[in-house]
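Here, each number is a calculation from the coordinates, and none is a lab measurement. Bear in mind that the values here come from a model prediction, so they are computed numbers and not experimental data. For neighbour counting, all protein chains shown are included, and Cβ atoms are generated from backbone atoms with ideal geometry for every residue, glycine included.
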């Protein structure tokens, strides 16, 4: 009897390990790393303006109202893919800031001239150091920052309709309500 | 005329030795290397333990990605600024999380990972001990004496002894095959 119980231990162990692997293989997305800066204030950075007619971007600018920060580059194809969505967000009245990461300013300006420029402010982060402060590991990345300047959401990779519908727009609505209820 | 096996093998062996001795591919560029060899060697050690977030199974020391180069430069800047090794790693994990560490720290989320080998060995020993002990110590339960019915069946089956029912089924022992 004792042996009978002990005999199923290998089976139980196998099932536990297999279950663990199954979870790891299905739930973990290697393209969506944990954001170390999540729920922390935007780290200090200052970047010069990319365009003459548009202010640059510093962490101090990312305060006062819930807003978006979109990290993009002209060499990044997925950025081109998500650009219409970013434009639509900006047109709906949401403040969208741009951080032009590890890019050639001339190429970036040409890219914006071609596709349209939805950004309120655009920082030129040619060295990539401002992005590294944020924990950027690729482009595009999109951050939602609350009125207090705290990072509340980070999406790595091109935005799709469902990210707006399921995550970003509901979060922005919640953040606006939070801001409005504050004295 | 006929070359010896050693002579023929020599080029192959030399090639193999050369390939084995070749330093594994490092991505560190000459312009990144610090003048102070002690600091540079610390930078190399630290870089080897930091994951490149672009090509996630390479260290930044091995990766040619531009973000890996940036991080290598940051590691060296921090060292020049006088940071100790732990402070350099903290600088990077503050921005990218524990995931950048190729050797994850032991904490509440990873104790099972780190403890698993010891736990599995202990479990294996426990199972082995429980299974093997009775046989080794000879404490297997003493055989029960046969019941009257079993005794009758045994007598029927076994030839020679008792011989009461010699007419029944063929012999089990004593067949041709079993007699050399």
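Calculate the mean, over all residues of peptide B:95-102, of how many other protein chain Cβ atoms lie within 10 angstrom of the residue's Cβ. Don't jump to the answer; show the numbers that get you there.
Numbers: counts 11, 9, 7, 2, 5, 4, 0, 0.
That works out to 5 on average.
Where does helix A:169-181 land angle-wise versus the long Cα axis of chain A, in degrees 0 to 90, nearest 10?
Roughly 70 degrees between the two axes.
So how tilted is helix A:105-115 from the main axis of chain A? Cα-based, degrees 0 to 90, rounded to 10.
90
Quickly work out the residue A:27-to-residue B:87 label distance, labels modelled 7 Å from Cα along the C-beta direction, and quote it in nm with one decimal.
Those two pseudo-labels are separated by 3.8 nm.
Which distance in nm do the two modelled labels at residue A:169 and residue A:20 give, with both placed 7 Å along the Cα-to-Cβ direction?
4.2
Pulled fully out, how much extra length does the chain show between residue A:53 and residue A:179, if you take 0.36 nm times their separation in residues and subtract their Cα-Cα distance?
On the way: separation 126, 0.36 × 126 = 45.36 nm, distance 2.97 nm.
Separation in residues times 0.36 nm, less the Cα-Cα distance, equals 42.4 nm.
If you find the alpha carbon centre of the stretch A:4-35 and of the stretch A:138-163, how far apart are they in angstrom?
A separation of 31 Å, based on Cα centres.
Kindly provide the helix-only [θ] at 222 nm of chain A, computed as the sum of -39,500 (n - 2.57) over DSSP H runs of four or more divided by all residues, to the nearest 500 deg cm²/dmol? It would help to have the intermediate numbers written out before the result.
Numbers: 6 runs with 70 residues, N = 183.
Calculated mean residue ellipticity at 222 nm is -12000 deg cm²/dmol.
Rounded to the nearest 0.05, what FRET efficiency is calculated for residue B:113 and residue B:146 with R0 set to 45 Å and r the Cβ-Cβ distance?
Details: r = 55 Å, r/R0 = 1.23.
Using R0 = 45 Å, I get an efficiency of 0.20.
Among A:77, B:54, B:88, which comes first, second and so on when ranked by fewest other beta-carbon atoms within 10 Å? Please list the in-between numbers first.
Working: A:77 10, B:54 15, B:88 22.
Ranking A:77, B:54, B:88 by Cβ neighbours within 10 Å, fewest first, gives A:77, B:54, B:88.
Using only Cα atoms, find the angle between the long axis of helix A:9-27 and the longest principal axis of chain A, and express it within 0 to 90 degrees, rounded to the nearest 10.
Taking Cα atoms only, the helix is inclined about 10 degrees.
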